[in-house]
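Trainee: Before we start, here is the structure in question, set down as structure tokens.
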Amino acid sequence: MLHLFARKAHTKPEQSPRRRLPVTAQTAFDPAEPTQLYSDPLQRCLQLERYGHLLANRRKWKDHPDCHNVCSTARERIDEMFAIVPEGFASLPQVINDEPGCEEITIETGSFLLARHQVTNARFQKFVDAGGYKLLELWPKEIWPHLIDFVDATNHQGPRYWRGGRHCKTLADHPVVGICFYEAAAYARWAGFRLPTEAEWQMAATWRIRSAANVLRRYPWGDSLDTYRCNIWSSGMRRTAPVHEFPDGAAPNQILQLVGNVWEWTACQFEVSDGEGGSVLSDMRMSAIRGGAFDTYFPLQATGFFRTGLVSLAREQNVGFRCALDVRKPKP
């Protein structure tokens, strides 16, 4: 059982000075070195940060001399990477024009774990180096013909804006972008995690917990927009920021950047109506994305409530993801 309910007080890092980069700023591409994979499969799982997978399959390695120590380390890393989101509610508008009084559905969400940060280029690199694109069991069968299209700027398997199958070193701690919904879901499955549902994501961002107060927030930090707490167009960065920045914009449980930096894929298909009983459909499957990004111009789109979707195969420069994990129930 993870000791997540007895967490020590989390110390906020100091807010770094605002860096306003010009739109034309270019970063020279300095490719990350290849990951030198350990030969021992148990140690390799730990090296690749497949913590959820490792713990879910620990019986496979029960006779390994390092099994206890490696599993203990994996639990500690999960405790560091994730924060618990308590039980709550999320009200999702069901029409494309989100207006006061529009049709909504309210979904109860159980407690779960959500990653404090979006998945970085450095973390996704491990998935690529481990051959994640070739592990067909990670991908829906109907997507197999599309795997040939999941390549970078030099036609190597990987996110769209990488080169030679490598990320740029200077962006190692920035959120990975240029990946579609299926790539995000495959990474999460490979690591032993999952994508959050749309309702879970909204609960984490609005903090509508089950309490007598029955309050919720427009933003993870409160009810007023503050561009020094997030990375949207009016914040002035005009590009992604490292995932640990903007600590003053954290949710109460210290999950960062639920608003701004990059939109985040969720596990849910995006479905809405036109307000007159007709469904708003796309020729291709659309997945729900939430949270806004560094180039989100309209503030109303950068809230914990705003719903929108994107074609599930799209690989955009402003869309990334974070992982979720179920809370393990104590045995009776």
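Matching residues to (1) part of a helix (DSSP H, G or I); (2) hydrophobic (A, V, I, L, M, F, W, C):
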site: L225; (1), (2): no, yes
site: R229; (1), (2): no, no
site: S234; (1), (2): yes, no
site: R239; (1), (2): no, no
site: P242; (1), (2): no, no
site: E245; (1), (2): no, no
site: N253; (1), (2): no, no
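Trainee: Mind telling me which of the residues R19, R50 ends up being at pLDDT 95 or above, surrounded by 10 or more Cβ atoms within 10 Å (Cβ to Cβ), out of contact with any Ser or Thr (no Cβ under 9 Å at 6 or more places or on another chain) and not assigned by TED's automatic domain parsing to the domain that holds S234?
Mentor: Matching residue, one of R19, R50: R50.
Trainee: Applying the selection to region 280-328, what residues are in a strand (DSSP E or B) and more than 20 Å from M203 (Cβ to Cβ)?
Mentor: Answer for region 280-328, where residues must be in a strand (DSSP E or B) and more than 20 Å from M203 (Cβ to Cβ): V280, M286, L310, V311, V319.
Trainee: Can A83 be described as farther than 30 Å from R307 by Cβ and not aromatic (F, W, Y)?
Mentor: For A83, the condition - farther than 30 Å from R307 by Cβ and not aromatic (F, W, Y) - is not met.
Trainee: Still on this model: How about region 289-310: which of its residues are modelled with pLDDT under 95 and in contact with a Cys (Cβ under 8 Å, 6 or more places away or on another chain)?
Mentor: Of everything in region 289-310, just one residue is modelled with pLDDT under 95 and in contact with a Cys (Cβ under 8 Å, 6 or more places away or on another chain), namely A302.
Trainee: Restrict the check to region 191-202 and report whether at least one residue is more than 13 Å from the chain's Cα centre (by Cα), within 30 Å of L46 (Cα to Cα) and not hydrophobic (A, V, I, L, M, F, W, C).
Mentor: Within region 191-202, one or more residues are more than 13 Å from the chain's Cα centre (by Cα), within 30 Å of L46 (Cα to Cα) and not hydrophobic (A, V, I, L, M, F, W, C).
Trainee: Looking at (1) within 30 Å of C45 (Cα to Cα); (2) surrounded by fewer than 22 Cβ atoms within 10 Å (Cβ to Cβ); (3) among the aliphatic types (A, V, I, L, M), find the lone condition where A188 falls short.
Mentor: (2)
Trainee: I'm told G275 meets every condition in (1) modelled with pLDDT under 90; (2) not in a loop (DSSP other than H, G, I, E, B); (3) not basic (K, R) except one. Can you identify the failing condition by its number?
Mentor: Answer for G275: the failing condition is (2).
Trainee: When you check G131 against the structure, is it surrounded by 18 or more Cβ atoms within 10 Å (Cβ to Cβ), among the small types (G, A, S) and either over 30 Å from R217 (Cβ atoms) or under 18 Å from the mean Cα position of the chain (by Cα) (or both), yes or no? Reasoning before the result, please.
Mentor: Details: surrounded by 18 or more Cβ atoms within 10 Å (Cβ to Cβ): no; among the small types (G, A, S): yes; either over 30 Å from R217 (Cβ atoms) or under 18 Å from the mean Cα position of the chain (by Cα) (or both): yes.
So G131 does not fit the description; no.
The values are calculated or read from the model by the stated rules, or taken from the named source; none is laboratory data. Keep in mind it's a predicted model, so treat the numbers as computed, not measured. Glycine also receives a Cβ, built like all others from the backbone with ideal geometry; neighbour counts cover every protein chain displayed.
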